[in-house]
Amino acid sequence: MQPLLVFADQLGRHVHSTALEQVGRPVVVHEPTSHAAADLVDRLRRDGLVADVLPTPTFALSRAEFTQWAGDRETFRMEDFYRAQRTRFDVLMDGEQPVGGKWNHDHDNREPPPKGARTLDVRGPWTPTEDDIDSRVRADLDAAGHPTVGQDGPRLFAVTHTEARTALRHFVRHRLAAFGPYEDAVLGDDWAMAHSLLSVPLNMGVLHPLDAVHAAEQAHRAGAVPIAAAEGFVRQVLGWREYVWHLYWRFGKGYLRRNALRAHAPLPDWWADLDADAVTANCLRTALQGVRDRGWTHHIQRLMILGNHALQRGYQPRELTEWFATAFVDGYGWVMPPNVIGMSQHADGGMMATKPYSSGGAYVNRMSDHCHDCAFDPRKRLGDDACPYTAGYWAWVHRHADLLAGNHRTARAVSAMRRLADLDAVLDQESARERF
Ligand SMILES: Cc1cc2nc3c(=O)[nH]c(=O)nc-3n(C[C@H](O)[C@H](O)[C@H](O)COP(=O)(O)OP(=O)(O)OC[C@H]3O[C@@H](n4cnc5c(N)ncnc54)[C@H](O)[C@@H]3O)c2cc1C
């Protein structure tokens with residue numbers, strides 16, 4: 001008899017032991033993608049309801065292979081992991097050497113947006129046409145009466161294998177070349193920039209990561225996209241995404257409770273309720289609008305606008321993690337802890353990133369078009385028009401001066417902060433700030 005293959009995470013949410021007993025024979029499941037679902041599978045296996053656990057089909061590298069690669073390493077540099085992935089899966093390789101002669105094209109992929117442009121000059125993203133299933137899902141969700149966040153709107157992301165393949169083809173053909181240089185850039189009128197919007201189908205398991213990276217590689221080998229663009233995309237999918245997934249398991253269940261910077265501020269109501277219109281700063285308002293209207297913003301908005309704000313204001317990391325997981329369409333149990341607790345909030349004390357991702361308004365000004373007509377001035381740290389990121393940055397450096405002084409990558413920020421003649425006034429202003 002053929003095994004019945006079920007996704008363990010779906011089991012965790014929708015099916016319990018009684019239902020499995022009705023199947024009448026043990027099932028075969030794929031490796032779950034969260035601790036909670038893994039515990040459930042263990043229980044079901046002990047009860048004889050699960051016969052076998054196969055590697056997850058949503059990642060290229062299995063957990064067993066990662067354990068083998070990790071060996072007795074105590075730290076896992078993303079760059080080492082990424083190179084091992086490229087070599088193991090033979091992606092963008094010429095024999096033992098990386099195509100183009102270097103592994104890392106980050107330097108070419110950090111361009112600010114083109115001067116004066118309101119949008120990137122690329123074809124828009126592929127979007128699906130809704131069908132009866134969408135309508136029925138909407139109706140079921142409405143009938144279930146679950147609490148929701150954000151605004152309903154047309155579906156924007158691929159959710160079937162066929163849709164995912166079409167979305168991938170469209171991205172590679174029309175958008176990948178611009179994804180490279182403008183990976184980190186932000187334009188207020190261009191919500192998708194040249195991003196792939198593939199996190200949803202990848203995380204749902206309807207698009208395999210190796211299919212995605214092979215398509216980018218082929219486009220480069222056919223001369224259609226530069227190596228920096230193809231490598232930039234491969235780095236995200238075969239590097240970062242897989243790295244985050246394995247760190248989730250490696251860091252364990254207690255990771256979610258980490259709070260190295262002792263951040264205890266509750267999320268303000270305007271943030272939790274996605275009341276974007278209550279926000280004055282153009283960059284923060286636009287990012288929150290994206291979450292409210294699409295359940296999605298691109299990486300730099302997540303990290304350097306939303307995450308940076310939360311870090312500076314000391315929002316409780318676990319509460320913030322739950323907010324991200326609830327509000328974003330691609331939020332899954334495995335992906336949020338390393339990205340929010342680790343990369344964005346440094347709440348793990350440096351297990352994931354060697355320094356916190358915090359910056360003042362100058363970064364937002366360089367990488368976006370938000371500042372020129374904003375009510376706040378990124379150069380100002382004091383006064384009614386002081387940028388909350390610039391002033392918030394100095395207040396944050398002051399709060400964590402001891403920790404930052406001890407890290408050679410951040411010590412200079414502490415020395416610069418100590419030279420600010422108006423620091424006391426900035427600290428007073430930021431402790432009373434209500435307008436962001
Ligand atoms: C605070 C924060 C929260 C995030 N939350 C999520 C999340 O809930 N779900 C999620 O899939 N990604 C998350 N990311 C990572 C990344 O921002 C999104 O994967 C990306 O913005 C999704 O849009 P895209 O598909 O257009 O990605 P692109 O910019 O086109 O990148 C291609 C692919 O790379 C992968 N990728 C790149 N970086 C990461 C990363 N750090 N972690 C995981 N995958 C990565 C994604 O699968 C993505 O689809 C988060 C990052 C931060 C800093």
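Residue separation times 0.36 nm, minus the C-alpha to C-alpha distance between R63 and T160: what's the value?
Details: separation 97, 0.36 × 97 = 34.92 nm, distance 2.52 nm.
Full-extension gain reported as 32.4 nm.
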Rounded to the nearest 10 Å², the accessible area of D384 using a 1.4 Å probe with every protein chain kept is 140
One checks the Cα atoms of segment 330-377 and finds Rg and Dmax, in Å, of 14.4, 38
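For the chain, what is the percent of antiparallel DSSP beta bridges, rounded to the nearest 5? Walk me through the numbers on the way to the answer.
Numbers: 3 of 13 bridges.
Looking only at bridges with both residues in the chain, the antiparallel portion is about 25 percent.
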Hull surface over four for the Cα convex hull of segment 291-330, reported in nm², is 2.7
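Checking understanding here: applying a Kyte-Doolittle mean of at least 1.6 and a length along the axis of at least 24 Å (C-alpha), which whole DSSP H helices in the chain pass?
Values: long enough: none.
Helices passing the filter in the chain: none found.
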For segment 33-86, listing GluC sites (Glu not before Pro) in a DSSP loop whose Cβ sees at most 14 other Cβ atoms within 10 Å gives E74
Checking segment 225-317 for trypsin sites (Lys or Arg not before Pro) in a loop per DSSP with at most 15 other beta-carbon atoms within 10 Å yields R262
In whole percents, the bins of 5 Å from zero upward hold the Cα-Cα pairs of segment 63-243 as 1, 7, 14, 17, 17, 15, 11, 8, 6, 3, 1, 0
Largest fluctuation, D348, D277, D377 only, Gaussian network model of the chain with Cα springs under 10 angstrom, belongs to D277
Sorting M204, M352 on solvent-accessible surface, 1.4 Å probe, most exposed first, gives M204, M352
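About its Cα centre, how strong a charge dipole does the chain have in debye, to the nearest 20, once Lys and Arg get +1 and Asp and Glu get -1 at the Cβ? Can you show the working numbers first?
Details: 49 positive and 55 negative charges, 206 e Å.
For this selection, approximately 1000 debye.
Can you give the alpha-carbon Rg of segment 38-125 over 2.2 N^0.38 Å, where N counts its residues? Write out the running numbers ahead of the final one.
Details: Rg = 20.5 Å, N = 88, 2.2 N^0.38 = 12.1 Å.
It is 1.70.
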If N is the residue count of the chain, its Cα Rg over 2.2 N^0.38 Å rounds to 1.02
Expected field for T148, accessible surface area in Å² at 1.4 Å probe radius, rounded to 10, holds 120
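Among the trypsin sites (Lys or Arg not before Pro) in segment 119-219, which ones are in a DSSP loop with at most 13 other Cβ atoms within 10 Å of the Cβ? Mind listing them? Mind dumping the intermediate values first?
Details: sites: R123, R136, R138, R155, R165, R169, R173, R175; in loops: R123, R155, R175.
Answer by residue number: R123.
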Most fluctuating of A263, A413, A212 in the GNM of the chain (C-alpha, under 10 Å) is A413
Taking a straight Cα-to-Cα line shorter than 16 Å from K115, and setting aside same-chain aspartates and glutamates fewer than 8 residues away, one finds E183, D184, D189, D190, D369, D373
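The values are calculated or read from the model by the stated rules, or taken from the named source; none is laboratory data. Because the structure is a prediction, the values reported are computed rather than measured. As a convention, Cβ positions derive from the backbone with ideal geometry for all residues, glycine included, and neighbour counts pool all protein chains shown. In case anyone asks, the SASA skips ligands and DNA or RNA and just uses the protein heavy atoms, side chains included. Shrake-Rupley method; radii C 1.70, N 1.55, O 1.52, S 1.80 Å.
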